[in-house]
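This report concerns only the one structure given below.
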Ligand SMILES: Nc1ncnc2c1ncn2[C@@H]1O[C@H](COP(=O)(O)OP(=O)(O)O)[C@@H](O)[C@H]1O
Ligand SMILES: [Mg+2]
């Protein structure tokens, strides 16, 4: 596991189950107000990871992919929402603002955004970026990049919980 610097972590997941577990480890550490952006081609493992995030976060229903709607909301027992937005069909940040991105980001709860590159110009600077890449049939490359002090802290906690040290 190369630690490139305090803001960046790279590792390999060797199975879908491991990706679910990694997602759950991050999900259980997400706090209200947190933003996680997920990039990666079709089949890279975004939905698998997000399903794990939902488990760890404590969503009352399983988290799936928002294929036909832009945003899915998942509640947990304390009433907080995990929001999952898929920007694949958006063409600009302006379109994201038009569908209420600002209010979504201001609402209590945590936010996951797929295809953030579609709306980069309106995303908050401070966020956790996850870049997933296909390695072979069973392996996926992970690159986590923390932007801002909150996310450096989150990344450090995740690293300790996952890899020790
Ligand atoms: N290490 C791995 N992590 C995640 N998914 C994997 C892994 N190895 C194989 N897979 C498979 O790759 C596919 C990933 O699909 P999915 O999570 O829907 O990707 P995306 O949402 O990025 O299109 C699933 O069929 C999953 O079983
Ligand atoms: Mg998907």
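Worth pointing out:
- Here residue 16 fulfils each of the conditions (1) at pLDDT 95 or above; (2) surrounded by fewer than 20 Cβ atoms within 10 Å (Cβ to Cβ); (3) farther than 15 Å from residue 154 by Cβ; (4) more than 14 Å from ligand 2 (Cβ to nearest atom) apart from (4).
- Some residue of region 42-55 being within 13 Å of ligand 2 (Cβ to nearest atom), modelled with pLDDT of 95 or more, over 12 Å from the mean Cα position of the chain (by Cα) and buried (at least 17 other Cβ atoms within 10 Å of the Cβ): yes
- Any hit, region 94-117, residues being crowded, with 20+ Cβ neighbours inside 10 Å and without any contact (Cβ under 8 Å) to a residue 40 or more places away in the chain: yes
- Which numbered condition residue 63 misses (of (1) over 14 Å from the mean Cα position of the chain (by Cα); (2) surrounded by fewer than 23 Cβ atoms within 10 Å (Cβ to Cβ); (3) at pLDDT below 95): (1)
- Within region 25-72, the set of residues being out of contact with any strand residue (DSSP E or B) (no Cβ under 9 Å at 6 or more places or on another chain), under 15 Å from residue 111 (Cα atoms) and free of Cβ contacts under 8 Å to residues at least 60 places away in the same chain comprises 28, 51, 52, 55, 56.
- Only residues that are assigned to a helix (DSSP H, G or I) and either more than 16 Å from ligand 1 (Cβ to nearest atom) or touching a helix residue (DSSP H, G or I) at 6+ places or on another chain (Cβ under 6 Å) (or both) were counted across region 1-37, and they come to 8.
- Filter result for residue 64 (farther than 19 Å from residue 137 by Cα and either within 14 Å of ligand 1 (Cβ to nearest atom) or part of a loop (DSSP other than H, G, I, E, B) (or both)): yes
- Being under 15 Å from the mean Cα position of the chain (by Cα), on the phi < 0 side of the Ramachandran plot and within 13 Å of ligand 1 (Cβ to nearest atom) is a condition met by at least one residue of region 69-85.
- Residues being at negative phi and within 16 Å of ligand 2 (Cβ to nearest atom) - total across region 28-41: 5
- Hits in region 119-151 - residues which are assigned to a helix (DSSP H, G or I) and crowded, with 19+ Cβ neighbours inside 10 Å: 119, 151
- Flag for residue 69 being surrounded by 14 or more Cβ atoms within 10 Å (Cβ to Cβ) and at pLDDT below 95: no
The values are calculated or read from the model by the stated rules, or taken from the named source; none is laboratory data. From a predicted model like this one, the values you see are computed outputs, not experimental measurements. Glycine gets a Cβ as well: all are built from the backbone with ideal geometry, and neighbour counts include every protein chain shown.
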